[in-house]
Amino acid sequence: MGYRAKFEVWRGDSSGEGALQPYEVDVNEGEVVLDIVHRLQATQAGDLAVRWNCKAGKCGSCSAEINGRPRLMCMTRMSTFDEHETVTITPLRTFPVIRDLVTDVDFNYVKAREIPSFAPPEDLAPGEYRMDQLDVERPQEFRKCIECYLCQNTCHAVRDHEENKEQFAGPRYLMRVSELDMHPLDVRDRKDAAQEDHGLGYCNITKCCTEVCPEHIKITDNALIPMKERVVDTKYDPLVWLGRKIFKR
Ligand code: SF4
Ligand code: F3S
Ligand code: FES
């Protein structure tokens, strides 16, 4: 059965000015928050800016904060809310607003570009790469990432500390560093880079990134903690330390 629900939607622009605007919108059975935003555009707020594409939880475009919780609008069913509650829809807080619900997520592209690509040994020709099936399977989970940036938006290390953005790559890109470090044929030193260049030390394992990931990737347990362990092993293992001193690695 349909009903009429109350919403508060952030309307604002890149000047930083804006406010929550109240709306009442019809809701039909089985609808998701993105359906409501589209109905709002069609009937009351034709100039409401929103980014979306697939409406299937796979493009990562429709990220927003619903009742303060980072979520995909197309995967959030209206049936999860009480019919009488006011549902608030606001843009991702960690990134600058362009307009209304659309944010500038350029931070993430910058961080992606800062990670050097996969580097196989020079004497291995394409076609000669060999690795264990286990090493093939282990990073598959990380490849499910749809780059929605909900984890990047949620991590307190940047959400509450704008000043850390320069040094901290965020969970999604530390996961990428970890994935490369796990690759048996990658010859780059990812461990020093994780600490020195990508800010692994800023992560204090709160796991908020994992909680909001719509792909249910265990970012903290399977990527960040193992990376931290490998960094510690290298840094504090006396034999590794001695070897590095001798061979000046
Ligand atoms: Fe989104 Fe999960 Fe990828 Fe983070 S790791 S960008 S939350 S899909
Ligand atoms: Fe941030 Fe995730 Fe670490 S939320 S603190 S990157 S566990
Ligand atoms: Fe593609 Fe929501 S519209 S993930």
Cβ-based exposure ranking for 39, 190, in which fewest neighbours within 10 Å come first:
39, 190
Members of 55/165; 6/144; 55/228; 191/218 lying beyond 28 Å, as alpha-carbon distances in this model show:
55/165; 6/144; 55/228
Unit charges at the beta carbon, dipole of segment 130-195: most positive-side option, 177, 148, 161
148
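Which order, highest average first, do 103-110, 224-231, 169-176 follow once you tally other Cβ atoms within 10 Å for each residue and take the mean per peptide? Could the numbers behind the result be given before it?
On the way: 103-110: 15.6, 224-231: 17.9, 169-176: 25.4.
Descending mean neighbour count gives 169-176, 224-231, 103-110.
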Report for the chain the percent antiparallel among DSSP-assigned beta bridges with both residues inside it, nearest 5.
85 percent
Evaluate the relative contact order of the chain (contact order divided by residue number), counting alpha-carbon pairs under 8 angstrom at least 6 apart; express in whole percent.
16 percent
Which whole-Hz couplings ³J(HN,Hα) result when phi for each residue of segment 152-158 is put into the Karplus expression 6.51 cos²θ - 1.76 cosθ + 1.60, θ = phi - 60°, listed in order with x for Gly and Pro?
5, 6, 8, 4, 4, 4, 10
Residue (of 36, 125, 84) at the positive-pole extreme of the chain, dipole from beta-carbon charges
125
Mean 1/r over distinct Cα pairs of segment 105-238, inverted to a Kirkwood Rh in Å, yields 15.4 Å
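Do the sum for the chain: with -39,500 (n - 2.57) for every DSSP H run of n ≥ 4, divided by all residues, what is the mean residue ellipticity at 222 nm, to the nearest 500 deg cm²/dmol? Don't skip to the answer; put the middle values down first.
Numbers: 10 runs with 79 residues, N = 249.
That comes out to -8500 deg cm²/dmol.
For the chain, what is the charge dipole size about the Cα centre, in debye to the nearest 20, if Lys and Arg each add +1 at the Cβ and Asp and Glu each add -1 at the Cβ? Let's see the in-between values first.
Details: 34 positive and 42 negative charges, 88 e Å.
Here the size comes out at about 420 debye.
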For the chain, report the convex hull volume of the alpha-carbon atoms normalised per residue, in Å³, without decimals.
153 Å³
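Values in this text are rule-based calculations from the coordinates and carry no lab data. All of these numbers come straight from a predicted model, not from anything done at the bench. Methodologically, a virtual Cβ is constructed for each residue, glycine included, from the backbone with ideal geometry; neighbour enumeration extends over all protein chains shown.
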